[in-house]
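Notes to accompany the following structure.
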Amino acid sequence: MTQSTPFFSLRGICKSFPGVKALDDVQLDLYPGEVTALIGENGAGKSTLVKTVTGIYQPESGQLMLEGEPLILSSPDKAREHGITAIHQETVLFDELSVTENIFAGHYLRKGFFSTLDWPTMHKRAQQILESIDAPLSANTLLKHLSIGQRHMVAIARALSFDARVVILDEPTAALSHHETQELYAIVNKLKQAGCAILFISHKFDEIFSIADRFTVFRDGKYIDSGVISEVDESQLVKMMVGRSVDQIYPKVTVALGEEVLKAENLSHPTEFDDISFSLKRGEILGFYGLVGAGRTELMQGLFGVNELMTGRVSIEGQTVSIKSPAQAIAQGIVYVPEERQAQGAILDLPIYQNIGLPQLSKVNTNGWLSNYAEYQMADKFAHRLSVKAPNWLEKVENLSGGNQQKVVIAKWLATLPKVLILDEPTKGIDIGSKAAVHAFMSELVEQGLSVIMVSSELPEVMGMADRIIVMHEGLNVCQLNRDEFTAERIVSAATNGRQESA
Amino acid sequence: MDNSRTIPNTAQDPDNTLNNSTGSAVSKLPSTSIKQRLMSWEFFLLLITAAVCVANSFASPYFLDPWNLSDATFNFVEKAIVALPLALLIICREIDLSVASIIALASVAMGYAAQWGADNTTLLIIGISVGICCGLFNGLLVTHFAIPSIVITIGTMSLFRGLSYILLGDQVLKDYPAGFDYFGQGYVYWVFSVEFTLFLALAVVFYLLLHHTNFGRRTYAIGKNPTGAFYSGINVKRHRLLLFILVGAFAGLAAVLLTSRLGSTRPTIALGWELSIITMVVLGGVNIMGGSGSIHGVFIAVFLMGFVTFGLGLLNVPGIVMSIIVGAMLIAVIACPVLLARYLQRPR
Amino acid sequence: MVFKKVMASSLLAAAVMTASLAHAADVRVGLVVKALGIGFFEAANKGAQEAAKELGDVEVIYTGPTSTTAEGQIEVINSLIAQKVDAIAVSANDTDALVPILKKAQKRGIKVISWDSGVGKAGRQIHLNPSSNPLIGEMNIKLADVAAKAAGGGKADIAILSATPTSTNQNIWIDEMKKVLPNYANLNLVATVYGDDLADKSYRETIGLLKSHPNLKVIVAPTSVGIVAAAQAVKDQGKIGKVFVTGLGLPSELAGHVKSGAVKSFAIWNPIDLGYAATMISYNLVKGKATASEVSMGRIGTAKLDADGNAAMAEPFIYDASNVDEFAEIF
Amino acid sequence: MKTLFKQREALLSILIVVMTLAVATITADFISLANLVIVYNDTAILIILALGQMLVIITRCIDLSVAANLAFTAMVVSMLNSQFPEIPVVFLLIIGALLGMCLGMINGLLVWKLGIPAIVVTLGTMSIYRGAVFLLSDGKWVNAHEMSESFIDIPRYVLLGLPLMAWLSILMIAVMYYFSRYQRTGREIFAAGNSPVAAFYCGMDVGKLQFKAFTISGLLAGLCGYLWASRYAVAYVDVAAGFELQVIAACVIGGISIMGGVGTVLGCVLGALFLGVINNALPVIGISPFWQMAISGAVIVIAVVVNTRAEQGHTRIILKKATLKAA
């Protein structure tokens, strides 16, 4: 089944961003009719590679080859012309346009002297494609009325709408249910039969083993190894991915839990989550696991006062509190490190020290007058404590690497002396060193008596760090497990099927 | 990780435990270098303004005359006084196109009050209060309904001006009490008129407000990233509402000055001023998309525009031709840094 | 701030320099009009230049804002004061708003007169009316009466299309018209609208009048911009012969409409003479040749001043199909 | 939700009809066919300009220079006509449109190539174009008697009950509908405004599309330059001063989102008609012209608030039961 000559290959690709080398001399081969799995942790450079291959980013050096011919992809247009298409992790589509148009945007079907757009044909083809992937959608619907899973279907249909020869699936199953995932496999198999070269990016080993023919591993923007999937097993892949074995990296410390700090009862929202209750003790790390889009972030935002429609009761140290804005949450000692670090977490265009000082300007600067000196002193303590790497704290946050940006955000919140720290995907997209530092720091904080809520989509991370895990599925709390009950199977199955399986 | 062991775990943790944490090296706040200051937008503007002054004094023998310069300031200080708070609002990613209409409405209100016998202090209070009410109206619509301010204020621009037309029609109000002309025509000392002195004082106040207070810092933070600022516990809506009110209040103040200078009120008062006020702000280096800009930049831009138009006026150049020059200056001055950056980026 | 230092030092330098500035020998007159580009004022400028040539030592600076606003005129007057002109002759967009700035001009030793459209008494020394106001008011109503008879006679609705609501001369004339109106029992004034001296606004207002007053027979537009726009609107609405436009306008601009029949007759004084007279009065004022009761207007004669310093130039002249073409060549 | 958009336009249409009927109860003549033709004809220029502005707003820009552009082209064609009356009017129309297009392209280039915010660019060019009219004309007016008869009469020529100018605006509506629905560039403008990132991923050049939108807006403004000069039989510096705000207001009332990406040709036309009816109705029902401005201001504010209320409130649907409810 394997063919010897690659259909599409990359050699020596480099791409860097301010502060990070996202891709460092990487290579990749794709073969027709085969699925190659690209494996790597978050921040390994997978998404950058996808963008480079689809002409969104231009590599600084290196070469792309299609059927042995060198290829320059100066724009997304060019990539499409050569039959290279990607289904991105976050579906980037047009909310206000119809499904048909989302499928055909950029390569509309036209006819006649005036190149009039041929809507009837496009609608018909769109409907056909949707049917061929068993997507129960009308091509006339506007995209904004679709769920995340349905949007993914549209993205796949879009990829199928032109004669793609190289198809890249960037974590396509992250937000899909079990059933939808099976349907996706069927589509991938069809593509294989049609002779497409497929690059499949996933975190889930069961998926990789069931669908991929080959694998390539990246770590920290570097190429590590590649080969045929049948010749390796899971532990070997993990070792390549992380450079060491999984068990060692989580510096979990066991802390004697104190009194109850936070109690949440019947937290509900009209469309996002329903009837969620939990409590959090001093010194505890509570993990929230679930698929992307399971409502975890929305729930945390509710706790932080961002989500206005949330109902339910929240008590801090036994006192019922009303939290209607982040300012109130901060005053109550609840702080939130958001998943969207660049949009929500930090103000990239401000210096480090001003970011750290922002939530408590009025405490640092008396009478409303800025004291850059006092603010800088305060920031200095916390930036040092998190070992933020920067020439000085005047550096703008945007010039830091992802990991250091995250440290600044955490430093900002620690400076407010909180009771509960909510971390939403705290290690997403940061380098391995910063990741370890964040984990170590979490342990240290709980030792000091802080309580942590950690939202994560990385199973090893939640299993490694949490004292308890709440699994969410489609906005519901489907299971709650104590540390001694953790098994990967139980957690994953609850998260993907919404069912609790008996231990 | 560094070597510190003390960790803040509750809000009650006294600040002094933290002092131990850093132990040795306390970094000092580095200061801005002279080179950075020379490369700044404000310095660039200052150079242009100086050049304009030199050119003007060569072109007309009447330019460098203290009384003439003092007279010239009357043409722009009222606008400049509104430009100060508007700069803050624009830095905060909002805009108010209705300022000129607020001036008109406030002036009409003052005119009627004067007719009913209000004294000067009352008139001052009425002018500013009407401005505050209009600003509040704009601000509430923008923040409560989350509507882009450009659309709302296009609407209220017609609405406020329209209200002045309804109230006043083809009438004129000119029964202002004795001494009311002091605001717009009086002099504090030598050539320094009340208006101009007030502007200088307000410029200092706004400089301190934007660059040296928490309020100013929050303004920048919101302008650079409203979501991030909100997640940092800043009450973004309230802050913007306050700025709208501030702009309204100063439009009201400008109405007092202008009405006093003209000695009469018509509904067409200050027609079309919003664009020249915004031009001042943008020329001063305030990014129309929010997040950056400075009061000293706006301060210099006010004089740049004032001197350019006054210099041309001395040569009897029609106002409309001046507007070409101001328009071109606006685009050129904004385009310059872009082109320069592009030139510098080119591979050497 | 560096900037303030620069300001302070340049102010100082300026103070030194002004002392050495000598006045030019010529008499310089700033002729400020309501807005640049209006045919009536262009013609007045012609007259002013003629006067300057005749006098020899006069320079006329013809200037004005681009749109008819008081603020625009203030800016223009400000720069005339800065240039230390000897006299300012202004046709005002606003009676009251210009007073403070003109007072300031007088304080700086500049002679100020208003012409065509006046300013408050405190703002000027002499006001030159193109004609006496009651005369103009009555003339307009007479013209309306003629037009109403042409439109079929009997009882007729009439409407006034003015310039801006703040326009001094317009408001005075409208008042005068209302005073004489009771003498014409057949005429019924139904509305007064404002076209702001903008052609498009005047056009739209006229159409509004035609729609809201189906029995309208005559539109009186005592403004040269309004009368043209109104005539065009009447023509476009197919109302020629049913509705007549009259008022004050320039022969050159109205010749076509007289031909088409939208305008039966209209009146105007000679704008060239007006500009000429304004310049002459300014000159004589500067030279101290004016007394409290009279001032010379050169070839036009001597103007008698009333107690408030008002003077009137001449009677308006009526134009119709018989003579309009002849004068269209001149203004 | 697609129905909501239809609803908005239906609502606007009903409002226009109700308003027209309400005016008719005071002056029955208002709904006579002849008068409706006049009202439409009076709104024709606003409609054409709003169509161009719509495209610009869809791409997340704004064009404040349309009225100045119109004034400039109006002056050029009028001066050409008074100097060379022998040039056929059709040529003047084409010259006007091309000239307007060039002015639009200047805006577009500054936005596209230098990345200056559109509001700053057009704030600048608005003054420049307006000033250029003065330089060109030296402040002088071109009056009716200096224009040739055909120059003034052609847009007034009545064909099948409608003046040519009204026909031209109907043609423009049809062309714009076709363009925005059946032409690649038109669709791409909507897509790019809706999501610039997605548009980039789909291989569209967002800046270039903004340039194209400005070009079209300029072209339509140039076309209106002639129409305006002819309709009011005059050209001067202050022609259509402040009209850009009416144009933007028409778009806003018609449901074109100032944030880009959302809007329809029909909505845009209805927005313009709405303003047109108000403008024409007020003098008829005897409301003092002094009320006119306040009323249109209030209408804009209310329309925007209503539009936003309709758009808000759809959050992520995660819960199954919520999905069922929504379906």
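Below, the figures for the structure above:
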read-out: Candidate residues C:LYS104, C:LYS289, A:LYS78: accessible-area rank, largest first, probe 1.4 Å; value: C:LYS289, A:LYS78, C:LYS104
read-out: P(r) tail fraction, the range A:273-372 - alpha-carbon pairs more than 20 Å apart, %; value: 49 percent
read-out: Probe 1.4 Å - accessible area at D:LEU12, Å² to nearest ten; value: 20 Å²
read-out: The protein assembly as shown - share of DSSP beta bridges that are antiparallel (%, nearest 5); value: 45 percent
read-out: Alpha carbon centroid spacing (whole Å) that separates the range D:139-199 from the range B:43-115; value: 39 Å
read-out: Hull-based mean projected area of the range B:74-273, where the convex hull spans the alpha carbons, in square nanometres; value: 11.1 nm²
read-out: Semi-axis lengths (Å, descending) of the ellipsoid that matches the C-alpha gyration tensor of the range D:81-134; value: 29, 13, 6
read-out: Per-pair calculated FRET efficiency, R0 = 25 Å: A:SER16 and A:GLN63 via Cβ, rounded to 0.05; value: 0.90
read-out: Most mobile listed residue (B:CYS92, B:CYS53, B:CYS134) in chain B, GNM with C-alpha springs under 10 Å; value: B:CYS53
read-out: Förster-model FRET efficiency, 56 Å R0, A:ALA436 and B:ALA51, C-beta, rounded to 0.05; value: 0.45
read-out: Within a Gaussian network of chain B (alpha carbon springs, distance under 10 Å), most fluctuating of B:ILE166, B:ILE48, B:ILE103; value: B:ILE166
read-out: Gyration tensor over alpha-carbon atoms, the range D:232-278, equivalent ellipsoid semi-axes in Å; value: 24, 13, 8
read-out: Rounded to 10°, Cα long-axis angle of helix B:273-283 versus longest principal axis of chain B; value: 30 degrees
read-out: Calculated log₁₀ intensity ratio I(q)/I(0) where the Debye formula runs over C-alpha points of the range A:394-484, q = 0.10, 0.20 Å⁻¹; value: -0.29, -1.05
read-out: Values of log10 I(q)/I(0), in the order q = 0.10, 0.11, 0.17, 0.20 Å⁻¹, for the range A:303-462 under a Debye, Cα-only, solvent-free model; value: -0.36, -0.43, -1.05, -1.39
read-out: Where B:MET289, D:MET165 fall by accessible area, highest first, once all protein chains stay in place (1.4 Å); value: B:MET289, D:MET165
read-out: Full-extension gain in nm, A:LYS111 to A:SER138, via 0.36 nm per residue minus C-alpha separation; value: 7.4 nm
read-out: Volume per residue of the C-alpha convex hull in the range C:174-280, rounded to whole Å³; value: 116 Å³
read-out: Crossing angle, helix C:271-286 versus chain C [Cα axis fit, 0-90 degrees, rounded to tens]; value: 30 degrees
read-out: Relative contact order for chain C, counting Cα pairs under 8 Å that sit 6 or more residues apart, in percent; value: 19 percent
read-out: D:ILE31 paired with A:VAL232, simple spin-label distance in nm, labels 7 Å along Cα-to-beta-carbon; value: 7.7 nm
read-out: Estimated FRET transfer efficiency (A:SER277, A:GLU447; beta-carbon r; R0 30 Å; 0.05); value: 0.65
read-out: Label-point gap, in nm, between B:SER129 and D:LYS208 - each point 7 angstrom along Cα→Cβ; value: 6.0 nm
read-out: Global geometry of chain B, whether rounded, prolate or oblate, following the gyration tensor of its Cα atoms and the 1.5 cut on a/c; value: oblate
read-out: Translational diffusion coefficient (Stokes-Einstein; Kirkwood radius from C-alpha pairs) of the range A:8-243 at 20 °C, 1.002 mPa s, in µm²/s; value: 117 µm²/s
read-out: Alpha carbon convex hull of chain D, volume per residue in cubic angstrom; value: 153 Å³
read-out: Gaussian network model of chain B, Cα within-10 Å springs - most flexible of B:LEU258, B:LEU86, B:LEU315; value: B:LEU315
read-out: Two-decimal log10 I(q)/I(0) for chain A, as the Debye equation yields it once each C-alpha is a single scatterer, q = 0.10, 0.11, 0.13 Å⁻¹; value: -0.85, -1.02, -1.34
read-out: Principal axis box of the protein assembly as shown, alpha-carbon based, largest edge first, Å; value: 115, 74, 62
read-out: Residues in the range A:299-341 reached by a label modelled at A:GLU265 [backbone nitrogen below 15 Å; 7 Å Cα→Cβ]; value: A:311-322
read-out: Per-residue SASA entry for A:CYS196, accessible area with 1.4 Å probe, Å² rounded to 10; value: 10 Å²
read-out: Where C:LYS211, C:LYS111, C:LYS242 fall by accessible area, highest first, once all protein chains stay in place (1.4 Å); value: C:LYS242, C:LYS111, C:LYS211
read-out: Quarter of the Cα convex hull surface for chain C, i.e. its orientation-mean projected area (nm²); value: 19.2 nm²
read-out: Extension gain, A:GLU317 back to A:GLU81 (0.36 nm per residue minus Cα-Cα distance, nm); value: 78.9 nm
read-out: Helix-only CD estimate at 222 nm, as mean residue ellipticity for chain B, using -39500 (n - 2.57) per DSSP H run (n ≥ 4); value: -23000 deg cm²/dmol
read-out: The range D:24-73: mean projected area of Cα convex hull, nm²; value: 5.1 nm²
read-out: Separation in nanometres of the label points that stand 7 Å from Cα toward Cβ, at A:HIS145 and C:THR291; value: 9.2 nm
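The values are calculated or read from the model by the stated rules, or taken from the named source; none is laboratory data. Fair warning: this is a prediction, and the values are worked out from it, not measured in the lab. A quick note on method: Cβ atoms are made from the backbone with ideal geometry, for glycine too, and the neighbour counts reach across all protein chains shown. With ligands, DNA and RNA removed, areas are computed over all heavy atoms of the protein, side chains included. Shrake-Rupley method; radii C 1.70, N 1.55, O 1.52, S 1.80 Å.
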